[in-house]
Amino acid sequence: MSTAKKDYKRVTVKSLVEMKANKEKISMLTAYDYTMAKIVDGAGVDVILVGDSASNVMAGHETTLPITLDQMIYHASSVIRAIDRALIVVDLPFGSYQSDPKEALRSAIRIMKESGGHAVKLEGGKEIKESIKRILNAGIPVMGHLGLTPQSIYKFGTYTVRAKEEEEAQKLKEDALMLEKAGCFAIVLEKVPAKLAKEVAESLTIPIIGIGAGNGVDGQVLVTHDMLGMTHEFNPRFLRRYLDLYTEMTNAFKQYVTDVKAVDFPNENEQY
(Lines give C-alpha, C1' and ligand atoms only; values in the text may rest on other atoms or scores of the structure.)
Protein backbone atom coordinates (compact mmCIF):
# COMPACT_ATOMS: atom_id res chain seq x y z
CA MET A 1 0.00 0.00 0.00
CA SER A 2 1.25 3.47 -0.85
CA THR A 3 0.97 6.18 1.77
CA ALA A 4 0.03 9.83 1.43
CA LYS A 5 2.54 11.99 -0.37
CA LYS A 6 4.99 13.58 2.05
CA ASP A 7 5.86 17.25 1.75
CA TYR A 8 9.66 17.47 1.83
CA LYS A 9 11.02 20.88 2.80
CA ARG A 10 14.47 19.57 1.92
CA VAL A 11 15.03 16.53 -0.24
CA THR A 12 17.77 14.19 0.97
CA VAL A 13 19.09 10.81 -0.14
CA LYS A 14 16.83 9.31 2.54
CA SER A 15 13.86 11.15 1.02
CA LEU A 16 14.38 9.41 -2.32
CA VAL A 17 14.35 5.96 -0.74
CA GLU A 18 11.15 6.92 1.09
CA MET A 19 9.59 8.12 -2.16
CA LYS A 20 10.28 4.77 -3.78
CA ALA A 21 8.83 2.90 -0.80
CA ASN A 22 5.72 5.11 -0.98
CA LYS A 23 5.48 4.66 -4.78
CA GLU A 24 5.95 8.38 -5.36
CA LYS A 25 7.80 9.07 -8.60
CA ILE A 26 10.98 11.18 -8.39
CA SER A 27 11.50 14.20 -10.66
CA MET A 28 15.03 15.14 -11.71
CA LEU A 29 16.35 17.82 -14.09
CA THR A 30 19.72 19.34 -14.87
CA ALA A 31 20.98 22.82 -14.06
CA TYR A 32 24.39 24.41 -14.47
CA ASP A 33 23.87 28.03 -13.35
CA TYR A 34 22.21 30.07 -10.61
CA THR A 35 19.30 31.49 -12.60
CA MET A 36 18.13 28.21 -14.09
CA ALA A 37 18.60 26.33 -10.81
CA LYS A 38 16.49 28.93 -8.99
CA ILE A 39 13.60 28.33 -11.37
CA VAL A 40 13.93 24.53 -11.38
CA ASP A 41 14.10 24.37 -7.59
CA GLY A 42 11.17 26.75 -7.18
CA ALA A 43 9.04 24.53 -9.44
CA GLY A 44 9.39 21.65 -6.97
CA VAL A 45 11.79 19.37 -8.83
CA ASP A 46 13.14 16.80 -6.36
CA VAL A 47 16.70 16.37 -7.64
CA ILE A 48 18.91 18.73 -9.63
CA LEU A 49 21.75 17.09 -11.50
CA VAL A 50 24.76 19.26 -12.20
CA GLY A 51 25.62 17.04 -15.13
CA ASP A 52 28.78 16.77 -17.17
CA SER A 53 26.32 17.45 -19.99
CA ALA A 54 27.39 21.03 -19.26
CA SER A 55 30.24 20.12 -21.59
CA ASN A 56 27.70 19.94 -24.43
CA VAL A 57 25.02 22.40 -23.33
CA MET A 58 27.13 25.20 -21.86
CA ALA A 59 30.47 24.83 -23.67
CA GLY A 60 29.45 23.38 -27.03
CA HIS A 61 31.67 20.30 -26.97
CA GLU A 62 30.64 17.25 -28.98
CA THR A 63 30.98 14.92 -25.97
CA THR A 64 31.05 15.15 -22.17
CA LEU A 65 34.73 14.22 -22.04
CA PRO A 66 36.43 17.66 -22.14
CA ILE A 67 34.82 19.18 -19.03
CA THR A 68 37.20 19.42 -16.07
CA LEU A 69 36.77 18.94 -12.34
CA ASP A 70 37.35 22.67 -11.77
CA GLN A 71 34.61 23.51 -14.25
CA MET A 72 32.19 21.07 -12.62
CA ILE A 73 32.89 22.67 -9.24
CA TYR A 74 32.19 26.11 -10.74
CA HIS A 75 28.83 25.00 -12.15
CA ALA A 76 27.86 23.14 -8.98
CA SER A 77 28.72 26.12 -6.78
CA SER A 78 26.44 28.33 -8.88
CA VAL A 79 23.57 25.86 -8.55
CA ILE A 80 24.00 25.35 -4.80
CA ARG A 81 23.61 29.10 -4.17
CA ALA A 82 20.20 29.02 -5.83
CA ILE A 83 18.38 26.15 -4.16
CA ASP A 84 16.17 25.83 -1.10
CA ARG A 85 14.69 22.34 -1.48
CA ALA A 86 16.22 20.08 -4.13
CA LEU A 87 18.93 17.47 -3.63
CA ILE A 88 22.00 18.47 -5.67
CA VAL A 89 23.91 15.65 -7.35
CA VAL A 90 27.15 16.48 -9.15
CA ASP A 91 28.76 14.39 -11.88
CA LEU A 92 32.36 13.38 -11.41
CA PRO A 93 33.87 14.21 -14.83
CA PHE A 94 35.77 11.86 -17.10
CA GLY A 95 39.28 11.13 -15.85
CA SER A 96 38.63 12.08 -12.24
CA TYR A 97 37.76 8.63 -10.86
CA GLN A 98 38.09 5.74 -13.33
CA SER A 99 41.64 4.52 -12.87
CA ASP A 100 42.58 5.32 -9.28
CA PRO A 101 40.27 5.00 -6.22
CA LYS A 102 42.42 7.51 -4.32
CA GLU A 103 42.04 10.03 -7.13
CA ALA A 104 38.30 9.33 -7.14
CA LEU A 105 38.11 10.14 -3.44
CA ARG A 106 40.13 13.32 -3.88
CA SER A 107 37.82 14.41 -6.71
CA ALA A 108 34.67 13.70 -4.70
CA ILE A 109 36.02 15.52 -1.65
CA ARG A 110 36.86 18.57 -3.76
CA ILE A 111 33.31 18.67 -5.15
CA MET A 112 31.74 18.36 -1.72
CA LYS A 113 34.05 20.89 -0.02
CA GLU A 114 34.35 23.49 -2.79
CA SER A 115 30.84 23.43 -4.27
CA GLY A 116 28.67 22.39 -1.33
CA GLY A 117 27.02 19.66 -3.41
CA HIS A 118 25.05 16.94 -1.64
CA ALA A 119 26.15 13.85 -3.60
CA VAL A 120 28.22 12.73 -6.57
CA LYS A 121 27.38 10.56 -9.58
CA LEU A 122 29.73 8.09 -11.27
CA GLU A 123 29.29 6.14 -14.50
CA GLY A 124 29.99 2.41 -14.55
CA GLY A 125 29.63 -0.85 -12.68
CA LYS A 126 32.09 -3.37 -11.25
CA GLU A 127 35.02 -1.73 -13.04
CA ILE A 128 34.73 1.30 -10.73
CA LYS A 129 33.63 -0.59 -7.62
CA GLU A 130 36.75 0.31 -5.62
CA SER A 131 36.36 4.01 -6.42
CA ILE A 132 32.74 3.92 -5.27
CA LYS A 133 33.62 2.11 -2.05
CA ARG A 134 36.40 4.60 -1.29
CA ILE A 135 34.04 7.56 -1.76
CA LEU A 136 31.24 5.97 0.27
CA ASN A 137 33.64 5.14 3.10
CA ALA A 138 34.34 8.86 3.37
CA GLY A 139 30.64 9.50 3.99
CA ILE A 140 29.91 10.95 0.56
CA PRO A 141 26.61 9.80 -1.01
CA VAL A 142 26.98 8.20 -4.45
CA MET A 143 24.49 7.86 -7.28
CA GLY A 144 25.33 5.24 -9.89
CA HIS A 145 24.83 5.42 -13.66
CA LEU A 146 24.42 2.39 -15.94
CA GLY A 147 23.27 1.65 -19.48
CA LEU A 148 24.44 4.25 -21.95
CA THR A 149 27.34 5.95 -20.17
CA PRO A 150 28.30 9.01 -22.25
CA GLN A 151 31.84 9.17 -20.82
CA SER A 152 32.45 5.84 -22.56
CA ILE A 153 31.09 6.97 -25.93
CA TYR A 154 34.29 6.16 -27.82
CA LYS A 155 34.18 2.63 -26.39
CA PHE A 156 30.56 2.17 -27.53
CA GLY A 157 31.00 4.13 -30.76
CA THR A 158 27.34 5.17 -30.77
CA TYR A 159 24.57 6.62 -28.59
CA THR A 160 22.24 3.72 -29.40
CA VAL A 161 20.15 1.80 -26.85
CA ARG A 162 22.25 -0.40 -24.54
CA ALA A 163 21.64 -3.85 -23.04
CA LYS A 164 19.35 -5.15 -25.79
CA GLU A 165 21.31 -8.39 -25.91
CA GLU A 166 21.05 -10.91 -23.06
CA GLU A 167 24.74 -10.83 -22.10
CA GLU A 168 24.86 -7.06 -21.66
CA ALA A 169 21.45 -7.04 -19.95
CA GLN A 170 22.68 -9.63 -17.44
CA LYS A 171 25.80 -7.57 -16.73
CA LEU A 172 23.66 -4.46 -16.18
CA LYS A 173 21.49 -6.33 -13.65
CA GLU A 174 24.57 -7.61 -11.84
CA ASP A 175 26.14 -4.15 -11.80
CA ALA A 176 22.94 -2.58 -10.46
CA LEU A 177 22.80 -5.10 -7.60
CA MET A 178 26.48 -4.48 -6.89
CA LEU A 179 25.91 -0.71 -6.73
CA GLU A 180 23.04 -1.19 -4.27
CA LYS A 181 25.08 -3.55 -2.09
CA ALA A 182 28.04 -1.16 -2.18
CA GLY A 183 25.83 1.56 -0.72
CA CYS A 184 24.73 3.78 -3.63
CA PHE A 185 21.50 5.61 -2.80
CA ALA A 186 20.12 5.60 -6.38
CA ILE A 187 21.01 4.66 -9.96
CA VAL A 188 20.41 6.40 -13.28
CA LEU A 189 19.58 4.02 -16.14
CA GLU A 190 20.11 5.62 -19.56
CA LYS A 191 18.74 4.34 -22.88
CA VAL A 192 17.94 0.75 -21.98
CA PRO A 193 14.86 -1.31 -22.87
CA ALA A 194 11.85 -0.42 -20.72
CA LYS A 195 11.24 -4.05 -19.74
CA LEU A 196 14.78 -4.43 -18.43
CA ALA A 197 14.67 -1.10 -16.55
CA LYS A 198 11.38 -2.10 -14.88
CA GLU A 199 12.89 -5.43 -13.85
CA VAL A 200 15.88 -3.67 -12.28
CA ALA A 201 13.68 -1.14 -10.47
CA GLU A 202 11.49 -3.89 -9.02
CA SER A 203 14.46 -5.98 -7.88
CA LEU A 204 16.22 -3.22 -5.91
CA THR A 205 15.23 -1.19 -2.86
CA ILE A 206 17.06 1.96 -4.03
CA PRO A 207 15.44 4.29 -6.59
CA ILE A 208 16.08 3.83 -10.30
CA ILE A 209 15.94 7.10 -12.28
CA GLY A 210 15.38 6.64 -15.98
CA ILE A 211 16.28 8.60 -19.09
CA GLY A 212 15.07 6.70 -22.10
CA ALA A 213 14.28 3.74 -19.83
CA GLY A 214 10.49 3.66 -19.88
CA ASN A 215 7.96 4.43 -17.16
CA GLY A 216 8.44 1.36 -14.98
CA VAL A 217 11.26 2.98 -13.03
CA ASP A 218 11.08 5.15 -9.90
CA GLY A 219 11.70 8.54 -11.49
CA GLN A 220 12.76 10.42 -14.60
CA VAL A 221 15.56 12.79 -15.55
CA LEU A 222 15.95 15.05 -18.59
CA VAL A 223 18.39 17.73 -19.62
CA THR A 224 16.51 20.96 -18.90
CA HIS A 225 17.69 22.74 -22.04
CA ASP A 226 16.34 19.84 -24.11
CA MET A 227 12.91 19.60 -22.47
CA LEU A 228 12.48 23.38 -22.73
CA GLY A 229 13.21 23.24 -26.45
CA MET A 230 16.26 25.50 -26.23
CA THR A 231 18.10 22.86 -28.23
CA HIS A 232 16.54 21.72 -31.49
CA GLU A 233 19.07 19.45 -33.24
CA PHE A 234 18.67 16.66 -30.64
CA ASN A 235 15.56 14.51 -31.12
CA PRO A 236 15.73 11.15 -29.31
CA ARG A 237 12.53 9.18 -28.80
CA PHE A 238 12.60 9.64 -25.02
CA LEU A 239 12.66 13.45 -25.13
CA ARG A 240 9.40 15.35 -24.59
CA ARG A 241 9.71 19.07 -25.32
CA TYR A 242 7.46 21.00 -22.96
CA LEU A 243 8.24 24.33 -24.64
CA ASP A 244 9.75 25.57 -27.89
CA LEU A 245 12.06 28.18 -26.41
CA TYR A 246 14.39 28.04 -29.39
CA THR A 247 11.70 29.57 -31.59
CA GLU A 248 10.34 31.91 -28.93
CA MET A 249 13.78 33.23 -27.98
CA THR A 250 14.83 33.62 -31.61
CA ASN A 251 11.70 35.65 -32.35
CA ALA A 252 12.27 37.81 -29.25
CA PHE A 253 15.87 38.54 -30.25
CA LYS A 254 14.80 39.41 -33.79
CA GLN A 255 12.13 41.76 -32.47
CA TYR A 256 14.71 43.43 -30.22
CA VAL A 257 17.02 43.99 -33.20
CA THR A 258 14.12 45.46 -35.19
CA ASP A 259 13.07 47.76 -32.34
CA VAL A 260 16.61 49.03 -31.72
CA LYS A 261 17.23 49.80 -35.40
CA ALA A 262 13.83 51.49 -35.74
CA VAL A 263 14.52 53.61 -32.62
CA ASP A 264 11.38 52.10 -31.09
CA PHE A 265 13.37 50.87 -28.07
CA PRO A 266 13.70 52.54 -25.66
CA ASN A 267 10.47 54.54 -25.87
CA GLU A 268 9.54 57.55 -23.75
CA ASN A 269 8.44 55.37 -20.82
CA GLU A 270 11.71 53.43 -20.84
CA GLN A 271 13.97 56.45 -20.39
CA TYR A 272 15.06 58.56 -17.42
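Go through the range 21-39 residue by residue and tally those that are open to solvent by 10 Å² or more (accessible area, probe 1.4 Å), β-branched (Val, Ile, Thr) and in contact (Cβ under 8 Å) with a residue 40 or more places away in the chain.
Total meeting the criteria: 1.
Among the residues of the range 250-260, is any within 22 Å of the chain's Cα centre (by Cα) and open to solvent by 30 Å² or more (accessible area, probe 1.4 Å)?
So far as the range 250-260 goes, no, none of its residues is within 22 Å of the chain's Cα centre (by Cα) and open to solvent by 30 Å² or more (accessible area, probe 1.4 Å).
Hey, can you tell me all the residues within the range 93-125 that are of a type outside the set (Gly, Ala, Ser) and under 13 Å from CYS184 (Cα atoms)?
Across the range 93-125, the qualifying residues are VAL120, LYS121, LEU122, GLU123.
When PRO236 is evaluated against the numbered criteria (1) farther than 26 Å from ALA54 by Cβ; (2) modelled with pLDDT under 95, which criterion, by number, is the only one it fails?
Unmet for PRO236, out of (1) farther than 26 Å from ALA54 by Cβ; (2) modelled with pLDDT under 95: (1).
Within the range 86-98, is even one residue open to solvent by less than 30 Å² (accessible area, probe 1.4 Å), β-branched (Val, Ile, Thr) and touching a Phe, Trp or Tyr at 6+ places or on another chain (Cβ under 9 Å)?
no
Take GLY117 and decide whether it is outside any helix (DSSP H, G or I), assigned by the TED database to the domain that holds ASP46 and on the phi > 0 side of the Ramachandran plot.
Answer is no for this residue.
Given the range 1-91, what strands (runs of 3 or more DSSP E) lie entirely inside it while holding 3 or more residues that are of a type in the set (Ser, Thr, Tyr)?
Per the criteria, no element qualifies.
Can we say ILE206 is touching a helix residue (DSSP H, G or I) at 6+ places or on another chain (Cβ under 8 Å), more than 18 Å from GLY51 (Cα to Cα) and of a type in the set (A, V, I, L, M)?
yes
I'd like to check something: does the range 46-62 contain any residue that is over 30 Å from LYS6 (Cα atoms), touching a Lys or Arg at 6+ places or on another chain (Cβ under 9 Å) and free of Cβ contacts under 8 Å to residues at least 60 places away in the same chain?
No, the conditions are met nowhere in the range 46-62.
Could you identify the single residue in LYS171, LYS195, LYS164, LYS254 that is within 30 Å of ILE140 (Cβ to Cβ) and not β-branched (Val, Ile, Thr)?
On inspection, the qualifying residue turns out to be LYS171.
Quick check on the range 123-135. Is at least one of its residues in contact (Cβ under 8 Å) with a residue 24 or more places away in the chain, open to solvent by less than 10 Å² (accessible area, probe 1.4 Å), in the same structural domain as LEU189 (by the TED database) and assigned to a loop (DSSP other than H, G, I, E, B)?
yes
Taking THR247 and the conditions (1) open to solvent by less than 80 Å² (accessible area, probe 1.4 Å); (2) under 23 Å from ASP33 (Cα atoms); (3) within 19 Å of the chain's Cα centre (by Cα), which numbered condition does it fall short on, given that it satisfies the others?
Just one mismatch for THR247, condition (3).
Does GLU18 satisfy the criteria of being closer than 27 Å to GLY125 by Cβ, in the same structural domain as VAL221 (by the TED database), of a type in the set (Asp, Glu) and open to solvent by less than 60 Å² (accessible area, probe 1.4 Å)?
Yes: the conditions hold for GLU18.
The values are calculated or read from the model by the stated rules, or taken from the named source; none is laboratory data. All figures in this text were calculated on a predicted structure; none of them were measured in a lab. Don't worry about glycine lacking a Cβ; one is built from the backbone with ideal geometry, like all the others, and counts go over all protein chains shown. For the accessible areas, the whole protein counts, side chains as well, though only heavy atoms, and no ligand, DNA or RNA atoms are used. Shrake-Rupley method; radii C 1.70, N 1.55, O 1.52, S 1.80 Å.
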